[in-house]
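Enquirer: Once you've had a glance at the structure underneath, I'll fire off some questions.
The values are calculated or read from the model by the stated rules, or taken from the named source; none is laboratory data. Everything quoted here is computed from the prediction, not taken from an experiment. Cβ: placed from backbone, ideal geometry, glycine included. Neighbour counts: every protein chain shown. Please note that ligands, DNA and RNA were not included when accessible areas were found on the heavy atoms of the full protein model with its side chains. Shrake-Rupley method; radii C 1.70, N 1.55, O 1.52, S 1.80 Å.
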Amino acid sequence: MRSTIEGSIRLLAAAVLLAGVLRADDTATAPTTEQLAFFSEHIEPLLTQRCLKCHSGDEPKGGLSLTTREALLTGGDSGPALDPADPAASLLLSAIRFEGPEMPPTGKLPAAEIELLTKWIELGAPMNPIIVAPAAHAGPPEVNDETRNHWSFRPLERPPVPAVQQAEWVVNPIDAFVLAKLEAAGLAPSPPAAPRELIRRLHYDLLGLPPDVANVEFFAASPTREAWQTAVNRWLDSPQYGEHWARHWLDLVRYGESNSYERDNPKPFVWRYRDYVIDAFNSDKPFDRFTLEQLAGDEVDSPTRETIIATGYYRLGLWDDEPVDKELAFYDGLDDIAATTAQAFLGLTMNCARCHAHKIDPIPHEDYYRFLAFFRNVRHYGVRADPTVFEASVCDIATPEQRAGYQARKAEFDARLASLRQQLDAIEEPVRAQLQGGEIDDFKNESVRPDILQKHVGEFLTQAQFDDYARRHGEWKDLREHPPAGLEQALCVKEHGADSPPTFILARGNPAAPTTEVQPGFPQVLSAPDPEIVPVGGTSSGRRLALAKWIASPQNPLTARVMVNRIWQWHFGRGLVRSSNNFGLQGDRPTHPELLDWLAVEFIEQGWSIKQLSRMIL
């Protein structure tokens, strides 16, 4: 294919030498037969496939049509696309090279296609008008080579660090990427902030609190790089760092301490998940492990108290304890989990495909339900009353030692309680047999028995017997109200067992309209392998673990890009990709795509360390 293209280019160049190219004043002779044949064979199909969907018709995007040479010369909102006086400076050429406006927006063209278009533009863009038939219905984007070439769906590769003119300004590679962009635009970096402003910004950034005067003045007196690094490290190690930065993640995963709806009951033990996230940031838990524990902490090898608490992630959403349609409420709960997982970890709005194929991204209707199938075996939060929540969503997180100690204390408690009850019964039963009238029914109430017995002192029992009874009854009541402290519990995920119920594509998202059965699978546009699912004992399907391993894999093109962008956003207020939850076709393109990919590769190679990446950024 490439040799054929190169041969066509050489043939066209020879024809140009014989026929004469279009001149700077654009008054040269008409294009040659060879030129137009080259256009028809190579350029017209390329423009049709890559460009004319947006740049044709009565209202082309940006006002630019690419269907005639006259339209190229007229241009659109950004000016003429073709410069006949200096073809190499044409806006269209800089756009396909990603040296200014970046076209096509789905991602940079392959090098061979850029070479073809470059030769064509350098020849003055000889062409025949392109007749574009009106599309019957564009439909949703397809999963194909073009959509797979979208910038965020491509495999991660570390780009080279750019060379810059002001090399002395560069402290680490991040500076080089930023400075290169500034220099290309003819701009200079902003001047450094004053020391007092700088140290205040750092304190707010890492801790969310204003610094005390002593810290500000200490740094202002000697604002050296060493002093700066010391401040960065000290505040990254502060307990307040985790408390502040955990809020970013808790907002992202819709953390709430109650269920919403009318009763808005509290979520039991949900604070343990909050503390888990705080501890994860403070201990710099690797992000791939952080991901694995939240999505499948109960399915990992040797689950711990901590990994079980992490699965409280699944219980953070809304819960309607009295839904009109129970089946619809169940799927609403699954959709909440799927949507949050896709957006938080992958930057994909997969929930848009719940009722039909995604209208904007290459996510078929089937892909949504294949993704949903990873969660199909998760038990619903509860049925209605609080006991059902404890049964479906709360579990014991005690250690074996704690459990053994509790069982011993409980056995001792039960034995003492039974002994006291037996002693009380020995006094109550003779009296019960002699009661008459209303006292027979009243005596059924445990709380009034001492009063009834006292009335019959000297008649059915002696004062000494009653005094002994009153003492033992008080001891029994106090003991019953103070049982041994229970085992620690946590809000967690539970499944129905090792075998998952089937997952069906639902027509229009309607649970009453199941169609084709599907198996768990990753989005097709990412060209991921089929999941390897192994059930975990007899309690879990293993599906969530397969999903978690794929999401946390260095081979996943989205996870590191998305998290690096979030870290940048949490430091500076805006990410390199402004639409931080949407890395799809209509999401914002990164302002510094090479920097984003360099940071993502560095993040993985540095062990997915959030603190290490923050140190580099700061």
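Enquirer: How large is the accessible surface per residue of segment 387-476, computed with a 1.4 Å probe and reported in Å² as a whole number?
Expert: Details: 5290 Å² over 90 residues.
Each residue of segment 387-476 exposes 59 Å² on average to a 1.4 Å probe.
Enquirer: Helix 559-572 versus the longest principal axis of the chain: what angle, 0 to 90°, nearest 10, using Cα atoms?
Expert: 90
Enquirer: Which FRET efficiency, nearest 0.05, do Lys410 and Thr74 yield, Cβ-Cβ r, R0 60 Å? If you can, show how the numbers build up before the last one.
Expert: Details: r = 86 Å, r/R0 = 1.43.
Calculated transfer efficiency: 0.10.
Enquirer: Roughly how many Å is it from the Cα centre of segment 447-466 to that of segment 174-198, as a whole number?
Expert: Each part reduced to its Cα centre gives a spacing of 89 Å.
Enquirer: Karplus couplings for segment 289-294 from phi (6.51 cos²θ - 1.76 cosθ + 1.60, θ = phi - 60°), rounded to Hz, Gly and Pro as x?
Expert: Running phi through 6.51 cos²θ - 1.76 cosθ + 1.60 with θ = phi - 60° gives 5, 4, 5, 4, 5, 6 Hz.
Enquirer: Can you tell which of Gln343, His380, Val164 lies farthest toward the positive end of the dipole of the chain, using +1 and -1 charges on the Cβ of basic and acidic side chains (Lys, Arg; Asp, Glu)?
Expert: Looking along the dipole axis, the top candidate is Val164.
Enquirer: So what's the angle, to the nearest 10 degrees on a 0 to 90 scale, between helix 111-122 and the longest Cα principal axis of the chain?
Expert: 40
Enquirer: Among the listed pairs Lys267/Lys549; Lys285/Lys359; Lys359/Lys549; Lys410/Lys494; Lys410/Lys444, which are separated by more than 31 Å between their Cα atoms? Mind dumping the intermediate values first?
Expert: On the way: Lys267/Lys549 28 Å; Lys285/Lys359 37 Å; Lys359/Lys549 29 Å; Lys410/Lys494 27 Å; Lys410/Lys444 27 Å.
Flagged as over cut-off: Lys285/Lys359.
Enquirer: Tally Lys/Arg at +1 and Asp/Glu at -1 over every other residue whose Cβ is under 12 Å from the Cβ of Phe330; what's the total?
Expert: Values: positive: Lys326, Arg376, Arg379; negative: Asp320, Asp325, Glu327, Asp332, Asp335, Asp336.
Net charge in that neighbourhood comes out at -3.
Enquirer: Using a Förster distance of 41 angstrom, determine the FRET efficiency expected from the C-beta separation of His482 and Leu250, and round it to 0.05. Provide the component values of the computation, followed by the final result.
Expert: Working: r = 35 Å, r/R0 = 0.86.
It comes to 0.70.
Enquirer: With N set to the number of residues, divide the alpha-carbon radius of gyration of segment 138-285 by 2.2 N^0.38 Å and report two decimals. Spell out each step's value before the answer.
Expert: Details: Rg = 22.2 Å, N = 148, 2.2 N^0.38 = 14.7 Å.
In units of the globular-protein estimate, segment 138-285 measures up at 1.51.
Enquirer: Gain in length, Glu168 to Thr224, computed as 0.36 nm per residue apart minus the alpha-carbon separation, to one decimal in nm?
Expert: Net length gain for the segment: 18.5 nm.
Enquirer: Here's a follow-up. Give me the accessible area of Leu491, 1.4 Å probe, in Å² rounded to the nearest 10.
Expert: 10
Enquirer: Per DSSP H run of n ≥ 4, the term is -39500 (n - 2.57); total these for the chain, divide by its residue number, and report the mean residue ellipticity at 222 nm rounded to 500 deg cm²/dmol.
Expert: Working: 26 runs with 286 residues, N = 618.
It lands at -14000 deg cm²/dmol.
Enquirer: Express the carbon and sulfur contribution to the solvent-accessible surface of segment 490-574 as a percent, rounded to the nearest whole number, probe 1.4 angstrom. If you can, show how the numbers build up before the last one.
Expert: Working: 1820 of 3570 Å².
Answer for segment 490-574: carbon and sulfur cover 51 percent of the accessible area.
Enquirer: Got a number for the accessible area of Lys326? Probe 1.4 Å, square angstrom, nearest 10.
Expert: Its accessible surface works out to 150 Å², give or take rounding.
Enquirer: Here is a follow-up. Return the long-range amide H neighbours of Gly76 (sequence gap of 5 or more, or a different chain), with a cut-off of under 5 Å between placed amide H atoms.
Expert: Close amide H contacts, sequence-distant or interchain: Ala81.
Enquirer: Relative to the first principal axis of the alpha-carbon coordinates of the chain, what is the inclination of helix 225-236, with its axis defined by its Cα atoms, in degrees from 0 to 90 and to the nearest 10?
Expert: So the inclination is approximately 40 degrees.
Enquirer: Please calculate the 1.4 Å probe accessible area of Ser283, with all protein chains present, and give it to the nearest 10 Å².
Expert: Surface open to solvent at Ser283 totals about 80 Å².
Enquirer: Taking the Cβ-Cβ separation of Arg148 and Asn510 as r and a Förster radius of 45 Å, what is the calculated FRET efficiency to the nearest 0.05? Write down the numbers at each step before the final one.
Expert: Values: r = 31 Å, r/R0 = 0.69.
Efficiency for this residue pair is about 0.90.
Enquirer: Compare Val448, Val161, Val431, Val383 by solvent-accessible area with a 1.4 Å probe and give them largest first, with all protein chains kept in place.
Expert: On the way: Val448 45, Val161 70, Val431 0, Val383 100 Å².
The ordering from most to least exposed comes out as Val383, Val161, Val448, Val431.
Enquirer: Carbon and sulfur: what percent of segment 260-365's accessible surface (1.4 Å probe)?
Expert: 53
Enquirer: Counting only heavy atoms of protein chains, what accessible area per residue, in Å², does segment 86-178 have with a probe of 1.4 Å? Walk me through the numbers on the way to the answer.
Expert: Working: 4900 Å² over 93 residues.
In whole numbers, segment 86-178 has 53 Å² accessible per residue.
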